[in-house]
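Heads up: the structure comes next, in structure tokens.
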């Protein structure tokens, strides 16, 4: 099979390799769609711990496909099933796993992160994923591209639940990449009165306008003034920083209304994690600051239901599709923040 191996910083190599073998408790999936994520770009650009020419890794944790083979002990799945795969697996016995949060397991593993992922024609689905319910059969109306995009949508949904968006709320999302747009879609679904988006890129804001004309697009010039004008001076009920910006995190508190909720969704680069904030704003305005990471299996299934039922669409986020032979072009396009979601697809 053809696979794209990360061998070090900015060193991705396309190789012909053997199709993975499986044991009686594993499955083999033929990959149909694997989306390129910001995490993939960071791992490609900076390298990743333990990844080298001698120990390469296949990236790709947003994936969907068709079950090709099942181990002799697998009963819940059959060859030919169209499926999405939640990439995160836990040990199954720690408090986090027992509580349904396998993605927060101290010893968590993930396809495309520390196990070979979806930038290949086939991927081995480990026993833990088969046993814990990471593999979900797709409804007939859900495409493989949509199923691959369910992984980031489920992570966004995790952050969305932390914010408790209510009908009538004024919401600002800082950052208009795929994550920011998904946050905006969920906020609108929840009944937010105003869904505002801010980005340094005028081009990205224009893409948002095409996706949904009801989104209110704000430049970074006097952002606080624009917000206060739109909210009658009250400020925001919810602000989500969907970008790796310390300044955005610090500035967000200045725009919040009393009892406002802030979600720091975007992680920060190493060395820039310490952010000065005005804690008096947190105190006197009774603000709630939250964070969120990855998603649970129940959240993954919930958002897949949003897609299959038509409550929320993600197909309009697909900008470009590439074959595995052209993955370098897709990686470069994503690195330059061109388009929204770039997909590696397999016929």
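The values are calculated or read from the model by the stated rules, or taken from the named source; none is laboratory data. Given the structure is predicted, the values throughout are model-derived calculations rather than measurements. Cβ coordinates were reconstructed from backbone atoms using ideal geometry, including for glycine residues, and neighbour counts include every protein chain displayed.
Here is how the numbers come out for the structure above:
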| quantity | calculated |
| --- | --- |
| In segment 217-233, residue surrounded by the fewest Cβ atoms within 10 Å (Cβ to Cβ) [restricted to those that are over 12 Å from residue 176 (Cβ atoms) and touching a helix residue (DSSP H, G or I) at 6+ places or on another chain (Cβ under 9 Å)] | 224 |
| Test: residue in segment 89-110 that is in the same structural domain as residue 329 (by TED's automatic domain parsing), buried (at least 22 other Cβ atoms within 10 Å of the Cβ), in contact with a strand residue (DSSP E or B) (Cβ under 6 Å, 6 or more places away or on another chain) and more than 19 Å from residue 293 (Cα to Cα) | no |
| Subset of segment 120-156 [farther than 25 Å from residue 94 by Cβ, in the same structural domain as residue 28 (by TED's automatic domain parsing) and surrounded by 24 or more Cβ atoms within 10 Å (Cβ to Cβ)] | 120, 123 |
| All positions within segment 60-75 that are touching a strand residue (DSSP E or B) at 6+ places or on another chain (Cβ under 8 Å) and in a loop (DSSP other than H, G, I, E, B) | 60, 61, 71, 74 |
| Matching entry among 65, 24, 60, 50 (being over 24 Å from residue 338 (Cα atoms), surrounded by 20 or more Cβ atoms within 10 Å (Cβ to Cβ) and either modelled with pLDDT under 95 or in the same structural domain as residue 108 (by TED's automatic domain parsing) (or both)) | 65 |
| Output for segment 270-312, where each listed residue is without any contact (Cβ under 8 Å) to a residue 60 or more places away in the chain and within 19 Å of residue 343 (Cβ to Cβ) | none |
| Residue, surrounded by the most Cβ atoms within 10 Å (Cβ to Cβ), within segment 315-330, restricted to residues that are assigned to a helix (DSSP H, G or I) and within 16 Å of the chain's Cα centre (by Cα) | 317 |
| Hey, residue 312 within 17 Å of the chain's Cα centre (by Cα), part of a loop (DSSP other than H, G, I, E, B) and at pLDDT 95 or above or not | yes |
